[in-house]
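As structure tokens, the structure follows; a few thoughts come after it.
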Amino acid sequence: MEAENWKDDVLKFIGGYVEHDTDLNSLRLLLLKNKPSCLYRYRSGSNFDLDALKKGYEWLSYPDDYNDPFDARMFYDTEETILPALNNHFNKTLDPQSKAMIEVLTGNKELDIYGGRPDKQVIEKARKLHGLRFSSMEKLCEDFAAHCKDRTDNLESHMDKKIRNMSLICSFTTHHSNHLMWAHYSNSYKGFCLEYNFSKFLLNDGLILPVSYYKSPLDVTDLLIRSGLKEKGAMHRAAIGSALVKGTAWEYEDEWRYISYSEKTTRELNGLQLNRVLLGCNASDELTNKVVEICKNRGIEVVTKKRSSISFDLVDGERLA
């Protein structure tokens, strides 16, 4: 993974790399030096968006709600990290019939926790134990190995889902005139963009941090191993680090993220300081009137964005509130 100047240090200070422990003081100083004055969030202008604007909150999303299937996905060596825990769970939950089958096929009463995938273990140990007689039970062995594989895959999927369901994210950007952002996240310029004063890094038990863009993902194998050894905070750091690294195709977003890794009782993010609302150049009169009414009641400035007459730029237009 290639370093991306100061943002690479953000990953170090949150403990995203195994050789670095969490250093919140250094992280805070680094962010103070490099933070933008404002962060922006593009919205389509739906009734849900208007309700959030009216009540003054932002919505937290799970990684599976995002349009990037790799978003906040943990990348790790399954053999080293997940399989020992899964094999241990597998042994503890085996029914009597399966236990008896393992003993018949392998000569052992249970799986070797560090022996790799259960399906491969069964076949390899059965072949070694039975030698020439293995051919007579090969079909039985393969069927039971397939059963072991299904159970392992289901357990791994369940574990991955549980981890992702504890990661809540709210995305912001540093740009309010980005054409792709207006097109992709603001209903083709028909919605609006919220401008927030960026003063707090720690908010509602979560951190607002910059995203780094790389050709390859963050490998959290070592952190997950340490988590398996009951090291406090290792899983937390692995989840946050994974959510802060995206592919280079998304670099145009220049994203900052609020990230919380915990079992939260609400998906509303409060405490942000809204400066003004920027209306898209294609916003309807109906949406414009609704936004202006809400913002007048809240004492929030509303400005229209319009097409420049001399370039492809978006520029500030009329102030409506």
- request: Filter region 121-142 down to residues that are basic (Lys, Arg) and surrounded by 14 or more Cβ atoms within 10 Å (Cβ to Cβ) and give me whichever is farthest from Thr106 (Cα to Cα).
  value: Arg127
task: For region 301-321, indicate whether the set of residues that are under 14 Å from Gly56 (Cβ atoms), touching a helix residue (DSSP H, G or I) at 6+ places or on another chain (Cβ under 9 Å) and of a type outside the set (S, T, N, Q) is non-empty.
output: no
- prompt: From the residues in region 131-176 that are of a type in the set (Gly, Ala, Ser) and closer than 30 Å to Thr266 by Cα, which one is nearest to the chain's Cα centre (by Cα)?
  reply: Ser167
query: Any idea which residue in region 82-97 is farthest from Ile163 (Cα to Cα), counting only those that are free of Cβ contacts under 8 Å to residues at least 24 places away in the same chain and surrounded by 12 or more Cβ atoms within 10 Å (Cβ to Cβ)?
result: Leu94
- request: Test Val277 against the criterion of being more than 16 Å from Arg73 (Cβ to Cβ) and touching a Phe, Trp or Tyr at 6+ places or on another chain (Cβ under 9 Å), and give yes or no.
  value: yes
task: Residue by residue through region 74-108, note down the ones that are β-branched (Val, Ile, Thr) and within 28 Å of the chain's Cα centre (by Cα).
output: Thr78, Thr81, Ile82
- request: Answer yes or no: is there a residue in region 96-115 that is in contact with a Cys (Cβ under 6 Å, 6 or more places away or on another chain), modelled with pLDDT of 85 or more and assigned by TED's automatic domain parsing to the domain that holds Glu156.
  value: yes
field: Selection count where residues are surrounded by fewer than 16 Cβ atoms within 10 Å (Cβ to Cβ) and not charged (D, E, K, R), scope region 283-306
entry: 4
task: Provide a single number: the residues in region 123-134 that are at negative phi and either touching an Asp or Glu at 6+ places or on another chain (Cβ under 8 Å) or at pLDDT 85 or above (or both).
output: 8
message: Can you pull out every residue in region 11-45 that is among the aliphatic types (A, V, I, L, M) and surrounded by 16 or more Cβ atoms within 10 Å (Cβ to Cβ)?
response: Leu11, Ile14, Val18, Leu27, Leu30, Leu31, Leu39
- line: Filtering region 26-73 down to residues that are farther than 19 Å from Glu286 by Cα, of a type in the set (D, E, K, R) and more than 22 Å from the chain's Cα centre (by Cα) yields Lys33, Lys55
- prompt: In this structure, does Phe48 turn out to be in a helix (DSSP H, G or I) and either surrounded by fewer than 14 Cβ atoms within 10 Å (Cβ to Cβ) or not assigned by TED's automatic domain parsing to the domain that holds Pro210 (or both)?
  reply: yes
message: Can you say whether Tyr185 is on the phi > 0 side of the Ramachandran plot and surrounded by 15 or more Cβ atoms within 10 Å (Cβ to Cβ), as far as the supplied structure shows?
response: no
- prompt: In region 59-77, is there at least one residue being part of a loop (DSSP other than H, G, I, E, B), farther than 30 Å from Asp219 by Cα and in the same structural domain as Ala183 (by TED's automatic domain parsing)?
  reply: no
message: Among (1) surrounded by 20 or more Cβ atoms within 10 Å (Cβ to Cβ); (2) under 30 Å from Phe48 (Cβ atoms), there is one condition Tyr252 misses while meeting the rest; what is its number?
response: (1)
message: All but one of (1) buried (at least 20 other Cβ atoms within 10 Å of the Cβ); (2) on the phi > 0 side of the Ramachandran plot; (3) not β-branched (Val, Ile, Thr) hold for Cys170; state the number of the condition that does not hold.
response: (2)
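The values are calculated or read from the model by the stated rules, or taken from the named source; none is laboratory data. No experiment lies behind these values; they were computed from the predicted model shown. Glycine gets a Cβ as well: all are built from the backbone with ideal geometry, and neighbour counts include every protein chain shown.
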